[in-house]
Each structure stands twice: as structure tokens, then as C-alpha cells.
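K.L.:
Handing you this structure, nothing more for now.
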Amino acid sequence: MSLYPAALENLIRQLSRLPGIGPKTAERLALHLLRAPEEQCQALAAGITQMKTTIGLCSRCGGLSDQSLCRICRNPSRDHGVLCVVEQPADMVALEKSDAFKGCYHILHGALSPMDGVGPDQIRLKELFLRVGQEGVTEVVLATGTSLEGEATAAYIAEQLKDLDIKLTRIASGVPVGGDLKFIDQVTLKRAMETRHAF
Ligand SMILES: [Zn+2]
């Protein structure tokens, strides 16, 4: 039996589907929105709709973008010969915040995990190898996570590229084992980027 009117129950149900939001928090948020000014609620609803309709993936690096090429891929002052390979868009954002890297990125949208059915074809590896062949790349920085999957992905990429005349580096010191890039502080990430070593 629902205790609230249907529209409110529906909003509570939708909010509780978000990560980290349990039924109690969802109920509190919904009641907060019910009391909030009309324009705040409309701005929230419009923000969600606008995000879903305007944001896609950069056709080159796979980063989040509202244009066919993202801000970094469009920037002529970035070093387009150095590609930093990361697992997720949020990892790229974390590295950008560290301000330690002036090259371009390649976002895989995942890491190899055969146990979960994630093989080379399920992440953007083909696109990476194509870019390396076509874009005059001189260095590939392997900045996948230090989890088992991240390490396996870095090793796979290194193996595929080992016969090419490019520098292969792996971000290093300071990144905790099992760590996720987006949760690491900026100083640690900056150091990890600056002390990257040959793979
Ligand atoms: Zn891009």
C-alpha cells in the first residue's frame, strides 16, 4: 500500500535507483523537492534532460563531449603525439585536475576482465590501435588502474604495441595497489604522472 500520492511514490522510486541512495534518502530528497521552489525543480529536471540529449562520446578519444571532438582533442596546444590511456572518463578528468599532463587521452570505457566476459572487443582497444597507427603517436602512457584488471589491460596493450617504434610508459609511484584513479588525490596523481616509467 502506498502512503504517498502516486506521483510522489514514483519520484521516490526513481531516486532510490540512483547509486548510494536508499529508500529513506530517496523519500527525504523527494519531500525536499516537493517543498523546493518551482524553478529549482525545473532546473534539475531540465539539467537531466539536457545532459542526456547533448552529451555523447568524442569520436577520437572516447571522452565525454557535447561536440564530435572534445575540448582536449580540439586543442592544438596539446601534444597530440602522446596518448594517455585510461579506463573511464572520470579518470581523465582526475588527471586533468592534477595538471600534470599536456598530451591527449584515449578512454577505454572499461578494463579487460575475462571472468566478467570483458575481452579486447568489449572495450575501445581497436580504436586505440587504429589511432596509434594513424596519428603519429610517439608515446603511449598506460594509466589504467592498478587493480588486476587495470594491470592486465596495460600488459595487453604493451604486448600489442611492443614492436612499434613508440615509447611505452606506465604511471607509477604513489598509486595504491587496487586503487581507482578517480578517488586518488591530485598531488598523488600528479606525482604518479611525473614519475611514470618505461613499461
Ligand atoms: Zn577527445
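The values are calculated or read from the model by the stated rules, or taken from the named source; none is laboratory data. Note that this is a predicted model, so its numbers are computed, not measured. Cβ: placed from backbone, ideal geometry, glycine included. Neighbour counts: every protein chain shown. Calculation scope for accessible area: heavy atoms of the full protein, side chains included, ligands and nucleic acids excluded. Shrake-Rupley method; radii C 1.70, N 1.55, O 1.52, S 1.80 Å.
K.L.:
Only helical DSSP H runs with n ≥ 4 go in: add -39500 (n - 2.57) per run for the chain, normalise by residue count and round the 222 nm mean residue ellipticity to 500 deg cm²/dmol.
P.N.:
The per-residue figure over the chain is -13000 deg cm²/dmol.
K.L.:
Compute the Cα gyration tensor for region 35-87, then decide on rounded, prolate or oblate, letting a ≥ b ≥ c be the square roots of its eigenvalues: rounded whenever a/c is under 1.5, prolate when a/b is larger than b/c in the other cases, and oblate in all that remain.
P.N.:
prolate
K.L.:
With every protein chain left in place and a probe of 1.4 Å, what is the accessible surface of Lys126, to the nearest 10 Å²?
P.N.:
130 Å²
K.L.:
Scale the Cα Rg of region 1-85 by the rule-of-thumb value 2.2 N^0.38 Å and send over the ratio, two decimals.
P.N.:
The value comes to 1.63.
K.L.:
Where both partners of a DSSP beta bridge lie in region 54-160, what percent of those bridges are antiparallel, to the nearest 5?
P.N.:
Bridges in region 54-160 are about 25 percent antiparallel.
K.L.:
Continuing with the same structure: Can you work out the accessible area per residue across region 15-111, with the rest of the protein chains kept in place, probe 1.4 Å, in square angstrom?
P.N.:
58 Å²
K.L.:
What is the Cα centroid distance between region 141-199 and region 1-46, reported in whole angstrom?
P.N.:
Using only Cα atoms, the two centres lie 41 Å from each other.
K.L.:
What is the chain's relative contact order, in percent, from Cα pairs under 8 angstrom and six or more apart in sequence?
P.N.:
16 percent
K.L.:
Continuing with the same structure: What list of whole percents do you get for P(r) of the chain, with Cα-Cα distances grouped in 10 Å bins up to the one holding the largest distance?
P.N.:
8, 29, 27, 18, 13, 4, 0
K.L.:
Okay, moving on. Return the lysines within reach of Lys190: Cα separation strictly under 22 angstrom, same-chain partners fewer than 8 residues apart disregarded; answer none if there are no such residues.
P.N.:
Straight-line reach from Lys190, under 22 Å: Lys97, Lys102, Lys167, Lys182.
K.L.:
Evaluate the charge dipole of the chain about its Cα centre and quote only its size in Debye, nearest 20, assuming +1 on the Cβ of each Lys and Arg and -1 on the Cβ of each Asp and Glu.
P.N.:
340 debye
K.L.:
Rounded, prolate or oblate, given the Cα gyration tensor of region 1-48, with a/c below 1.5 counting as rounded?
P.N.:
Cα axes put region 1-48 in the oblate bin.
K.L.:
Quick one: with all protein chains in place, what share of the accessible area of the chain is carbon or sulfur, to the nearest percent (1.4 Å probe)?
P.N.:
Accessible surface attributable to carbon and sulfur in the chain totals 57 percent.
K.L.:
Which shape class, rounded, prolate or oblate, goes with region 98-199 when its Cα gyration tensor gives a ≥ b ≥ c as root eigenvalues, a/c under 1.5 marks rounded, and past that a/b bigger than b/c marks prolate?
P.N.:
Note, shape of region 98-199 comes out oblate.
K.L.:
Counting DSSP beta bridges with both partners in the chain, what percentage is antiparallel, nearest 5?
P.N.:
30 percent
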